[in-house]
Amino acid sequence: MSELIISSFPILLKGLGITLLLSIAAILGSTLLGLLAAVLRTSRLPVAKQVAVIYTELFRGTPVLITLMFIYFGVAYFGYEINLFAAGILGLSIYQGAYIAEVFRAGIEAVPKGQWEVSWILGLSKRQTFMSVVLPQTRGIVLPPLAGQYLSLIKDTSIVSMIGMSELMHQGQAIVDRIGQPVVIYGLVALLYFAICFPLSRWVQHHQTRSQIS
């Protein structure tokens, strides 16, 4: 059993590295996309607001695997090529961005309307008000649910194995197909996912505790 674990660990660590890179890239992409969608949804422009509503409702109402399959195979259908890593980043960013948009929207709408009005009286533009007044207050409101979405995104990277990316879950499946022992191998995979997610979860709890004390 120990020899099995030792021989499998380097392969799983390689998959873990890909999972980490995929997670970081998708977190950045989904955060930017979600923030943009939230700004559009809270704007007073009917067309922009409707586009944001369609985007969030569409992807929140469909499975992440459908999004990944559509991007990976859909791009090829239209005569273009996309590599697995890019498809994984794009799919996870678009899918999770829809959920993150709702997190940001709730945070933006939680800021009292008076903050906008006072800022305009002081001569700040809408952009300056959002960046300097609203967004800093939103950050503290959205952090816990936003971290929850990041945790969900990290775990969703396992689904990217369905399109063939050699991330952590895919590497674990490859080892099981070759030597068996699914309980041991998938147990190691679960521990490695836990090793990624647990520090983030603890950091959020620590931040919440500090916020309550202050």
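The values are calculated or read from the model by the stated rules, or taken from the named source; none is laboratory data. Small disclaimer: the values here were computed from a predicted structure and weren't measured. Virtual Cβ from ideal backbone geometry, glycine too; neighbours counted across all protein chains shown. All accessible areas refer to the heavy atoms of the entire protein, side chains included, with ligands and DNA or RNA removed. Shrake-Rupley method; radii C 1.70, N 1.55, O 1.52, S 1.80 Å.
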Q.
If ILE11 meets every condition in (1) under 23 Å from THR138 (Cβ atoms); (2) in contact (Cβ under 8 Å) with a residue 40 or more places away in the chain apart from one, which number is that one?
A. (1)
Q. Right, LYS14: more than 14 Å from the chain's Cα centre (by Cα) and closer than 18 Å to VAL184 by Cα or not?
A. yes
**Q.** Of all residues in region 83-92 being in contact with a helix residue (DSSP H, G or I) (Cβ under 8 Å, 6 or more places away or on another chain) and either under 24 Å from THR56 (Cβ atoms) or of a type in the set (Asp, Glu) (or both), the one that is most open to solvent (accessible area, probe 1.4 Å)
**A.** LEU90
(Q) Please count how many residues of region 1-20 are surrounded by 19 or more Cβ atoms within 10 Å (Cβ to Cβ) and either of a type in the set (Ser, Thr, Tyr) or at positive phi (or both). (A) 2
Q) Which members of region 159-206 meet the condition of being of a type in the set (D, E, K, R) and outside any helix (DSSP H, G or I)? A) GLU167
Q: Please find, within region 21-50, the residue that is surrounded by the fewest Cβ atoms within 10 Å (Cβ to Cβ) out of those that are part of a helix (DSSP H, G or I) and among the basic types (Lys, Arg).
A: LYS49
